[in-house]
1. Condition check: modelled with pLDDT under 95 and more than 17 Å from ALA13 (Cβ to Cβ). Does ALA58 satisfy that?
2. So is ALA15 part of a helix (DSSP H, G or I) and buried (at least 18 other Cβ atoms within 10 Å of the Cβ) or not?
3. Any residue at all in the stretch 66-79 that is over 24 Å from ALA2 (Cα atoms) and surrounded by 16 or more Cβ atoms within 10 Å (Cβ to Cβ)?
4. Condition first: buried (at least 17 other Cβ atoms within 10 Å of the Cβ) and among the aromatic types (Phe, Trp, Tyr). Now tell me which residues in the stretch 18-41 satisfy that.
5. Among the residues of the stretch 1-47 satisfying the criterion of being farther than 18 Å from ALA134 by Cβ and of a type in the set (S, T, N, Q), which is modelled with the lowest pLDDT?
6. Please specify each residue of the stretch 8-63 satisfying the condition of being touching a Leu at 6+ places or on another chain (Cβ under 8 Å) and farther than 24 Å from PHE113 by Cβ.
7. Go through the stretch 108-149 residue by residue and tally those that are farther than 27 Å from PHE8 by Cβ and either under 24 Å from the mean Cα position of the chain (by Cα) or at pLDDT 90 or above (or both).
8. Kindly indicate the residue of the stretch 83-107 that is closer than 20 Å to GLN69 by Cβ and buried (at least 16 other Cβ atoms within 10 Å of the Cβ) and also nearest to the chain's Cα centre (by Cα) among those meeting that condition.
Amino acid sequence: MASNRRSFLILAALAAFFALRVVAQATQRWHGVPFLPPFNAFQGSALRYEILLAAQIAILAVMAWVAWQVRADKLQRRPGIGRVLAIGGWIYCSVMLIRLGIGFAAPAAPGWFKAWIPGVFHLVLAAFVLVLAAYHRQGLTGSAGRRTL
């Protein structure tokens, strides 16, 4: 199905983009290179890097599994889950946009607001959730032929 392919390609691209962030930060941690931002620019919180890295690897594993399930047409579309994912994804996206906006607009804002690299990649994760929500909600029609969301 063409919509599966499109959803897969977008999900895979978002996962790959997030993976680049994870690899870039790890590179700066263990083999700093001059063409990447410094390690601390990737760090948006006081969370120990080892814990952050483990969480990022787990997130990447879930992202890859979901994308592969969509590609293989093995992920059953569920409009209720799509609705929950859409609401959660938009809340997540909105909070991260507000975070970035405060960081850019308020010079005295705490560091969490100014950490733009993690903020942007939170938007990547929010986009993944929103694409997955759309996947669950697309192409579903009720018995009267109207779209049920």
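The values are calculated or read from the model by the stated rules, or taken from the named source; none is laboratory data. The structure displayed is predicted, hence computed values, not measured ones. Ideal geometry is used to build each Cβ from the backbone, glycine not excepted, and the neighbour counts take in all protein chains shown.
1. Working: modelled with pLDDT under 95: no; more than 17 Å from ALA13 (Cβ to Cβ): yes.
When the stated conditions are applied, ALA58 does not pass them.
2. Values: part of a helix (DSSP H, G or I): yes; buried (at least 18 other Cβ atoms within 10 Å of the Cβ): yes.
Yes, satisfied.
3. Taking the stretch 66-79 as the starting set, the residues that turn out to be over 24 Å from ALA2 (Cα atoms) are none.
No, the stretch 66-79 contains no residue that is over 24 Å from ALA2 (Cα atoms) and surrounded by 16 or more Cβ atoms within 10 Å (Cβ to Cβ).
4. The answer is PHE18, and nothing else.
5. SER45
6. LEU11, ALA15, ALA19, ALA26, THR27, MET63
7. 9
8. Pass one, the stretch 83-107, residues closer than 20 Å to GLN69 by Cβ: 83-86, 88-89.
Filter once more, keeping what is buried (at least 16 other Cβ atoms within 10 Å of the Cβ): 85-86, 89.
Numbers: LEU85: 12, ALA86: 13, GLY89: 9 Å.
Taking the candidates together, the pick is GLY89.
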